[in-house]
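Chemist: Please find one structure pasted underneath; my questions will follow.
The values are calculated or read from the model by the stated rules, or taken from the named source; none is laboratory data. Everything quoted here is computed from the prediction, not taken from an experiment. Here the Cβ positions follow ideal geometry from the backbone for every residue, glycine too, while neighbour counts run over all protein chains shown.
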């Protein structure tokens, strides 16, 4: 803090740390005090965020009975925040996060919809201490067959063991003229397999809709609603923002449900 005197007037520079919502935002605040005049606040280096206006009131330091010397210093009392919400930016952020979840849901159900006919079903298997994708690749042949190509012939037996132990009830067979390739016949689609897949799609839909884990529409809604609870619920901007978040959430739940119903319809044909 630096003190300058000029014509019996003093300029005092203080730095104030402000804690906001669920993260710390630090602003350098200059408190300019002129004797006999009102206080003023000047902000610099402000980080862009959705909440803008902040006002503070200041109170004099309590006098000490041991030290009766007059002081020109004042310390900030309890801070009161006047919040102005940028509703458009808030809406944009909520919609952006929910749209990402919608795209992930679409990708997930498309992969699951393929069921055992998805050539990526082995990708998460481990072949010894190696990942399946590091030792082999899978392609489709016709509608009911996979061809697995092993990069190194010495790994062929290990790949066969990994597939047999996966619990997928698939039986890899070596091609007689190629030690590095395996053929895998896929079981025919039945009503039972369709119903099983429909249940799996329903589970995926519910996960993306309702779970409290990150990656669901419900988790995004909760995060932003928790943010808004930090502010005056009687403030008209806050009320409007809450309504918009609820509306956006409802719209994306409808879109998510449409994706699920369309996928379910396709597999039940």
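Chemist: Going residue by residue through region 93-115, is there one that turns out to be in a strand (DSSP E or B), surrounded by 15 or more Cβ atoms within 10 Å (Cβ to Cβ) and in contact with a helix residue (DSSP H, G or I) (Cβ under 8 Å, 6 or more places away or on another chain)?
Modeler: Scanning region 93-115 turns up no residue that is in a strand (DSSP E or B), surrounded by 15 or more Cβ atoms within 10 Å (Cβ to Cβ) and in contact with a helix residue (DSSP H, G or I) (Cβ under 8 Å, 6 or more places away or on another chain).
Chemist: Can you pull out every residue in region 172-194 that is closer than 16 Å to residue 114 by Cβ and in a strand (DSSP E or B)?
Modeler: Matches in region 172-194: 184 only.
Chemist: So for region 218-234 (the condition being in contact (Cβ under 8 Å) with a residue 12 or more places away in the chain and either outside the structural domain of residue 100 (by TED's automatic domain parsing) or within 20 Å of residue 114 (Cα to Cα) (or both)), does at least one residue qualify?
Modeler: Within region 218-234, not a single residue is in contact (Cβ under 8 Å) with a residue 12 or more places away in the chain and either outside the structural domain of residue 100 (by TED's automatic domain parsing) or within 20 Å of residue 114 (Cα to Cα) (or both).
Chemist: Sticking with this one: From (1) touching a residue at least 40 places away in the same chain (Cβ under 8 Å); (2) not assigned by TED's automatic domain parsing to the domain that holds residue 246, pick out the condition that doesn't hold for residue 201.
Modeler: Residue 201 satisfies every listed condition except (2).
Chemist: I'm checking my understanding of the structure. Among residues of region 131-156 that are free of Cβ contacts under 8 Å to residues at least 12 places away in the same chain and outside any helix (DSSP H, G or I), which one is farthest from residue 264 (Cα to Cα)?
Modeler: Checked region 131-156; the qualifying residue farthest from residue 264 (Cα to Cα) is 131.
Chemist: If you scan region 220-239, which residues turn out to be loosely packed, with under 12 Cβ neighbours inside 10 Å and assigned to a helix (DSSP H, G or I)?
Modeler: The answer is 226, 236.
Chemist: For residue 161, are the conditions met, namely being within 26 Å of residue 193 (Cα to Cα) and assigned to a loop (DSSP other than H, G, I, E, B)?
Modeler: Here the answer is no, as residue 161 does not meet what is asked.
Chemist: With the structure loaded, tell me whether residue 242 is under 19 Å from residue 91 (Cβ atoms), assigned to a helix (DSSP H, G or I) and modelled with pLDDT under 95 or whether it fails that test.
Modeler: yes
Chemist: Another one. Could you pull out the residue among 176, 188, 172 that is surrounded by 15 or more Cβ atoms within 10 Å (Cβ to Cβ) and over 21 Å from the mean Cα position of the chain (by Cα)?
Modeler: On inspection, the qualifying residue turns out to be 172.
Chemist: Ok, one more. Does region 203-219 hold any residues that are outside any loop (DSSP other than H, G, I, E, B) and out of contact with any helix residue (DSSP H, G or I) (no Cβ under 7 Å at 6 or more places or on another chain), and which are they?
Modeler: 203, 206, 207, 219
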